[in-house]
Amino acid sequence: MFTLYEPLDEAVRGELAAYDDLSAALLARRGIATQEEAERFLNPSYDEHLHDPFLMVDMEKAAERFARAITSGEKIAVWSDYDCDGIPGAVILHDFLKKTGANFENYIPHRHEEGYGMNVSGIEKLAKNGVTLVVTVDSGITDVAPVARANGAGMDIIVTDHHLPQEKLPDAFAVLNPNARPDETYPHKSLCGSGVAWKLVCATLQMAPELRERVPEGWEKWLLDMVGLATIADMVPLVGENRVLAAYGLRVMRKSPRIGLQKLLRGMRVEQRAISEDDVGFLIAPRVNAASRMGEARDAFQLFTTNDESEADLLAKKLEKMNRERKAQAGAITRAVHARLKERAVRSVIALGDPEWRPALLGLVANTIADEYERPVFLWGREGNMSLKGSVRSGGATHILELMQAAENTFVEFGGHAAAGGFTVLDTEVFFLEDRLVEAHAKLPAPAEEDDLAMRADAVITPEEATHAFLKKVEKLAPFGQQNPKPVFLLREVTLRGISRFGKGKEHLKLKIDVNDGDGTVDAVTFFVKGAVARTADALARGSRANLLAHLERDTFSRGTPVRLRLLDIRVV
């Protein structure tokens, strides 16, 4: 029987009496304290747990305007972002507008040449093409000047976004954004951009019943493959309505007739009917994002909208090739960073850059270096518009936003959260960037140390409990993501029967853990091992005893898909 790290409060255990000890403990650690909350969490319902789109401020006027443009044959433009939230959202509106027979085009700005969001020159192009209504996806909330230019050209703008606004909202015809204003009445504030766009589709179909002659009842559910893809890929909290959209999105993806999705999955050797949130986050999303990072975002958009099998096959292979190029270029930058760091002292903050480095790749590299050196890493390159942009990763307990705020007069702009962010550095400050950040880091309060593995665990288990039956209980809480992380288990004083490295560069680690006093073993693996785990692994020997922190998962590449541990941390006893 497993042991809980934190015993459940008797009242909470009573409320969750319908569930076994493990499920009750995992629910309670996620803030679920009643039977009603547990049922809503474990059994998300499309019919019962999605909110009325008309609760969103401006939704009624937006849906009415959108429907009028469709039925009257106005020229509509869908302006979307180029990432794995904007692209799926663009596909959602494309499929809907195509189904309704609307007069429309999709506009996706070039990541390196135009940058994020709307721009005046793009708006002027659309005006010349006769566009009278622009609907944004995953962008627009901060684009005050482009919206003003559109108004001057006689165009209406419907903003659908989820990002935080600046001091004032753009003067758009309608602004759909649960995060945009203090008077917002929509109950769920954390929708991704595609989620907001899908809500507009649902509201438009309700607002204009005549569109149901072209769009069959329930057809909009097929768009949930893209909503689910974006919700998982954009790492919004997978609780509340987002949990419903992610769960149903995965269901639709598993049987989606979308030929481009099928081709992409086939190339990655992912079984469509068993697709998981991990497949979305670690396999599909990087390939969609590779399109804009390495070439044209429109390739990813075309992949999901084409009905031509040959075109889908070519585009899927193109995204696969671009993803390999992304990895290769990121690898080259990583090697360059390593070479520079070998030539000098490593300080409390690492800040490096090169005008030749592509900013879109630097988050991946910064993450690798930060994990390895266990400190904040800032990397910058030059964008197509000549600005010096970069990415930062925490690499430990430093709060990234607080660090950038403390480095006064260094950045043109910056944003993000505690662990990761992006920035544009002043040209005059770039050569002093590391000095400024080291000085700022010294002023921050020292973070509290959290060295006890048990503080990070959901429960304590034994190696014998790493079974399919146990994993099925854990998977009831899926899909996992932000604010619903995969459960973490502590295994105390296990005996190691084998230690090996694998991969081309021996960069991955596998441990064989003793089960039933030598009757068998269970594997524990970690990929691209680095930092403290790598240092501990180097000191391990057969027969060592250790405490492990791990997720449970299926090994889909081994016969019988045995349960294994995904190693997160290890301490020698």
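The values are calculated or read from the model by the stated rules, or taken from the named source; none is laboratory data. Owing to the predicted nature of the structure, the values given are computational and were not obtained by experimental measurement. Here the Cβ is made from the backbone with ideal geometry for all residues, glycine too, and neighbour counts use every protein chain on show.
Observations on the model:
- Conditions (1) among the polar types (S, T, N, Q); (2) more than 28 Å from Gly115 (Cα to Cα); (3) at pLDDT below 95: number failed by Gln166: (2)
- For first residues located in the stretch 168-190 and within 20 Å of Glu241 (Cβ to Cβ) and touching a residue at least 40 places away in the same chain (Cβ under 8 Å), partners that are small (Gly, Ala, Ser) and assigned to a loop (DSSP other than H, G, I, E, B) and lie 6+ apart or on another chain with Cβ distances below 6 Å form the pairs His188/Gly240.
- Candidate set from the stretch 334-361 (those that are touching a Lys or Arg at 6+ places or on another chain (Cβ under 8 Å) and in a helix (DSSP H, G or I)); member that is modelled with the lowest pLDDT: Ala360
- In the stretch 140-184, the residues that are of a type in the set (A, V, I, L, M, F, W, C) and more than 26 Å from Ala230 (Cα to Cα): Ala145, Ala148, Ala150, Ala153, Met155
- Residue that is farthest from Gly498 (Cα to Cα) [pool: residues in the stretch 519-560 that are of a type in the set (Asp, Glu) and not in a loop (DSSP other than H, G, I, E, B)]: Glu553
Yes or no, residue by residue, for (1) buried (at least 23 other Cβ atoms within 10 Å of the Cβ); (2) among the polar types (S, T, N, Q):
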{"site": "Ser310", "(1), (2)": "no, yes"}
{"site": "Arg340", "(1), (2)": "no, no"}
{"site": "Val349", "(1), (2)": "yes, no"}
{"site": "Glu356", "(1), (2)": "no, no"}
{"site": "Asn367", "(1), (2)": "no, yes"}
{"site": "Ala370", "(1), (2)": "yes, no"}
{"site": "Val377", "(1), (2)": "yes, no"}
{"site": "Leu388", "(1), (2)": "no, no"}
{"site": "Arg393", "(1), (2)": "yes, no"}
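- Residue that is nearest to Glu374 (Cα to Cα), among those in the stretch 405-444 that are buried (at least 19 other Cβ atoms within 10 Å of the Cβ) and free of Cβ contacts under 8 Å to residues at least 24 places away in the same chain: Phe414
- Single match in Glu64, Glu114, Glu105 (criterion: at pLDDT below 95 and surrounded by fewer than 20 Cβ atoms within 10 Å (Cβ to Cβ)): Glu114
- The combined condition, being over 24 Å from Lys476 (Cα atoms), charged (D, E, K, R) and either without any contact (Cβ under 8 Å) to a residue 24 or more places away in the chain or out of contact with any helix residue (DSSP H, G or I) (no Cβ under 6 Å at 6 or more places or on another chain) (or both), is fulfilled by Glu213.
- Scanning the stretch 382-432 for residues being of a type in the set (Lys, Arg) and in contact with a Ser or Thr (Cβ under 9 Å, 6 or more places away or on another chain) gives a total of 2.
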